[in-house]
Amino acid sequence: MSSTPVTTPPRRPSLQVPPHPQWPALSAAETHALKTRIAAMLAAQGAVLVAHYYTDGNLQSLAEETGGCVADSLEMARFGATSEARTLVVCGVRFMGETAKILNPEKRVLMPDLKATCSLDEGCPADAFAGFCDAHPDHTVVVYANTSARVKARADWVVTSSIALPIVTHLKAQGQKVLWAPDKHLGHYIERRTGADMLLWDAACAVHEEFKSFALEQVRRLHPLAAVLVHPEAPDEVVDQADVVGSTTQLIRAVVDMPNQEFIVATDEGIFWKMHQLAPHKTLIAAPTAGAGATCESCAHCPWMAMNALQSLERVLLDQDQEVQIEEAVRAAAVTPIQRMLDFARTNA
Ligand code: SF4
């Protein structure tokens, strides 16, 4: 089916950001018992956990204790492709499960909740995106990992935040113009850093967009020795105040490697679990968000990542009902731009 050509990116559809799921509080003994039951089920099912840094700390610790991995989306993709497990249980949001399935069609990929989406993914519908691409055939299509399998299938390259800069720098050196989707903030950051000729889709992360520059200035005055760490999905005015702008992995490394004792962190608070684990004596301060009434409940924690909990993980291992399925033609088309990124990462590490 041919799509309607468009020359400018359509406005992203408004997205209903859900409230955070309210999981019943567990005592330490209940948490231990639940983790023990899940570990036994993982072993019995030949399954391994692949968890993102933004998920609950209990999931991250369980993943490490049971031979799985805790990582950013690039490392999650790499781990899934090298793991010998028959089943990958991806704790994160749907595009991460889809990426695991795209790279591992022979494996079963489960998620605690398939409804865990991402505002960037939702903000880039495949048909509208195809029309935008059709209108700009002279551009190389680069999409962020936070997209659906159908959008990836239309791309020349898939990138994660940890590798987007070197790949766009590489494309610019080849004289290529870039059509970028979906995150306008990350796209604009890369455009400023590389000077590449980029057309930007209009979508944003509902969590990172809530970080506010004025409030951040006030927090910096209260903590003048703190280093400011910002994920590039945040708006320009927040990025401009950063000492370090980087992917989740790069921000975690900054906490470990920098001499500062205090850090103001502008990304999802789930990342604090890994930062505390690697640098327990350092102080982490959550960067301020917009306050009550903002679109994403202003808590610096992704409501879709919060759908991942020990309880939902146990349920899917019992019910086996949240399996990622992708039409084979879409999967086969989407694997090429992802593999291109993984090959680039291997040869340019
Ligand atoms: S934090 Fe933002 S980019 Fe990450 S999954 Fe949530 S909505 Fe998507």
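The values are calculated or read from the model by the stated rules, or taken from the named source; none is laboratory data. Everything quoted here is computed from the prediction, not taken from an experiment. Cβ coordinates were reconstructed from backbone atoms using ideal geometry, including for glycine residues, and neighbour counts include every protein chain displayed.
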Some residue of segment 262-277 being surrounded by fewer than 22 Cβ atoms within 10 Å (Cβ to Cβ), at pLDDT below 95, of a type outside the set (Ser, Thr, Tyr) and assigned to a loop (DSSP other than H, G, I, E, B): no
Where residue 281 falls short, out of the listed (1) part of a loop (DSSP other than H, G, I, E, B); (2) modelled with pLDDT under 95: (2)
All positions within segment 116-144 that are within 16 Å of the ligand (Cβ to nearest atom), not charged (D, E, K, R) and not in a loop (DSSP other than H, G, I, E, B): 119, 120, 143, 144
Residues of segment 103-115 that turn out to be more than 16 Å from the ligand (Cβ to nearest atom) and either polar (S, T, N, Q) or in contact with an Asp or Glu (Cβ under 9 Å, 6 or more places away or on another chain) (or both), as a count: 5
Index of the failed condition, residue 244 passing every other in (1) over 16 Å from the mean Cα position of the chain (by Cα); (2) at pLDDT 95 or above; (3) closer than 30 Å to residue 135 by Cβ: (3)
Failed criterion for residue 94 (all others in (1) farther than 24 Å from residue 157 by Cβ; (2) of a type in the set (Lys, Arg); (3) touching a helix residue (DSSP H, G or I) at 6+ places or on another chain (Cβ under 9 Å) hold): (1)
Residues of segment 153-188 that turn out to be assigned to a strand (DSSP E or B), within 15 Å of the ligand (Cβ to nearest atom) and among the aliphatic types (A, V, I, L, M), as a count: 3
Counted residues, segment 60-87 - those being part of a helix (DSSP H, G or I) and within 16 Å of the ligand (Cβ to nearest atom): 6
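For residue 251, state whether it is at pLDDT 95 or above, under 19 Å from the mean Cα position of the chain (by Cα) and not in a helix (DSSP H, G or I). Reasoning before the result, please.
Working: at pLDDT 95 or above: yes; under 19 Å from the mean Cα position of the chain (by Cα): yes; not in a helix (DSSP H, G or I): no.
Answer is no for this residue.
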Options 284, 310, 317, 278; residue that is in contact (Cβ under 8 Å) with a residue 24 or more places away in the chain, in contact with a helix residue (DSSP H, G or I) (Cβ under 8 Å, 6 or more places away or on another chain) and farther than 23 Å from residue 96 by Cβ: 284
Cβ pairs under 6 Å, 6+ apart, first in segment 88-102 and among the charged types (D, E, K, R) and more than 9 Å from the ligand (Cβ to nearest atom), second modelled with pLDDT of 95 or more and part of a helix (DSSP H, G or I): 98/149
Where a residue in segment 104-125 is farther than 14 Å from residue 148 by Cβ and of a type in the set (A, V, I, L, M, F, W, C) and its partner, wherever it lies, is within 9 Å of the ligand (Cβ to nearest atom) and in a loop (DSSP other than H, G, I, E, B), with Cβ under 9 Å and at least six apart: 111/92; 111/93
Failed item in (1) away from the ligand (no atom under 15 Å from the Cβ); (2) surrounded by 21 or more Cβ atoms within 10 Å (Cβ to Cβ); (3) among the charged types (D, E, K, R), with residue 321 passing the rest: (2)
